[in-house]
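To start, the structure itself, in structure tokens.
The values are calculated or read from the model by the stated rules, or taken from the named source; none is laboratory data. Only a predicted model underlies this, so the values are computations on that prediction, with no experimental measurement involved. Cβ placement follows ideal geometry from the backbone for every residue including glycine, while neighbour counts extend to all protein chains displayed. Protein only, heavy atoms only, side chains kept; ligands, DNA and RNA dropped before computing areas. Shrake-Rupley method; radii C 1.70, N 1.55, O 1.52, S 1.80 Å.
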Amino acid sequence: MVVLSKQTTEQYAYIRHCNKTSAFSSTGIIPVVDLSKPEAKTLIVKACEEFGFFKVINHGVPMEAISKLESEAINFFSLPNNQKEKAGPPNPFGYGNKKIGENGDVGWVEYLLLKNNQDYNSMRLSVFGQTTDKFRNVLNDYICAVRKMGCEILELMAEGLNIEEKNVFSKLLMDKESDSLFRLNHYPPCPEMALDNKNGENLVGFGEHTDPQIISLLRSNNTSGLQICLKDRSWVSVPPDYNSFFINVGDSLQLSNVQYLGLVGDPQVMTNGRFRSVRHRVLANGFDSRLSMIYFGGPPLSEKIAPLPCLMKENEESLYKEFTWFEYKKSAYASRLADNRLGHFEIFSAS
């Protein structure tokens, strides 16, 4: 069993159990999209409007590529702490343990955050020694397959929105300057929580947040923990599915598609647009280890983030200042996880 350390869990945040957290498993409302079906484009748009989140099946990512990377990830996180720390400290890339970012967020998690750059990753992964090339090749095969799936989803999304330029979103991921990231998260079991949890509370593995990129493509093992926030502010648990992928709408895609007005610190939003980036979190498990692999599809740093003209209604004005992905990313990295990152770019009209 891999553990983070023998440090007490008192410094971490806890979430009290809520009756609504089993909604997905009990009612089956989680959107499921079969990418092989002709109705996929319609279901994707509907899911993005209602949840900013959905599950995809028949995704085309080879199980061999998934299994190989998962095996390599398990090997890495099973290394002694002093060896893993050679791949850190995160700047923000590299190996991190408990500390998430530079602004005070912590969680019951260890992670490996990597760039869309093989040479840079090779330096961080030198901890593998002679097997570095093997890990790099397995990682590259997985990322290529997942990025292809992501582009397919984004092109189906464009079709569902009746956008003439089918690759309007996917070309940003395929651009050689695409600022995409890859993250491996490991949430070790927490024996202290399992043995002494009289108050019915869960330890927070990764605090609530939205993803700033265009789209996030998540795959995890069969350990539960992921929760998303619905429009009514309730949190619901997402049943794990080893064979499927879960898709998050990111802030950049939300801004490309909608005019959005956020309430600071409030997961419920007032919107006159269509898509919403999903607020989500991960709770630690008392008995089982959770491993997740996430590809964050981002645009080039110089890309301007703004609503697409073809999706704007007549005489409709943007509620946001024009900014580049670099400017938004810089602001996001300077914020806490739960902050409303879009608030810095809103245009408030006097009325």
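Points worth noting:
- When the residues of segment 322-339 are filtered to those that are surrounded by fewer than 17 Cβ atoms within 10 Å (Cβ to Cβ) and in contact with an Asp or Glu (Cβ under 9 Å, 6 or more places away or on another chain), the one that is nearest to Leu301 (Cα to Cα) is Phe326.
- Failed item, numbered, when Arg124 is tested on (1) open to solvent by less than 70 Å² (accessible area, probe 1.4 Å); (2) under 27 Å from Ser302 (Cβ atoms); (3) modelled with pLDDT of 90 or more: (3)
- Some residue of segment 42-59 being open to solvent by 70 Å² or more (accessible area, probe 1.4 Å), more than 18 Å from Ile215 (Cα to Cα) and touching a residue at least 60 places away in the same chain (Cβ under 8 Å): no
- Residue within segment 155-177 that is modelled with pLDDT of 95 or more, in contact with a Ser or Thr (Cβ under 8 Å, 6 or more places away or on another chain) and open to solvent by 20 Å² or more (accessible area, probe 1.4 Å) present: yes
- Residue pairs meeting the criteria (Cβ under 7 Å; at least 6 apart or on separate chains; first of a type in the set (Asp, Glu), in segment 307-332; second modelled with pLDDT under 70 and open to solvent by less than 90 Å² (accessible area, probe 1.4 Å)): Glu316/Gln259
- If the condition is being modelled with pLDDT under 95 and among the acidic types (Asp, Glu), then segment 30-60 contributes Glu49, Glu50.
- Condition check for Phe287: at pLDDT 70 or above, among the aromatic types (Phe, Trp, Tyr), open to solvent by 60 Å² or more (accessible area, probe 1.4 Å) and not in a loop (DSSP other than H, G, I, E, B): no
- Test: residue in segment 243-253 that is open to solvent by less than 60 Å² (accessible area, probe 1.4 Å), closer than 30 Å to Asp141 by Cα, modelled with pLDDT of 90 or more and of a type in the set (Asp, Glu): no
- Residue match in segment 61-78 (condition: at pLDDT below 90, part of a helix (DSSP H, G or I) and open to solvent by less than 10 Å² (accessible area, probe 1.4 Å)): no
- Every residue from segment 220-242 that is surrounded by fewer than 18 Cβ atoms within 10 Å (Cβ to Cβ) and under 15 Å from Phe51 (Cβ atoms): Lys231, Asp232, Arg233, Ser234, Pro239
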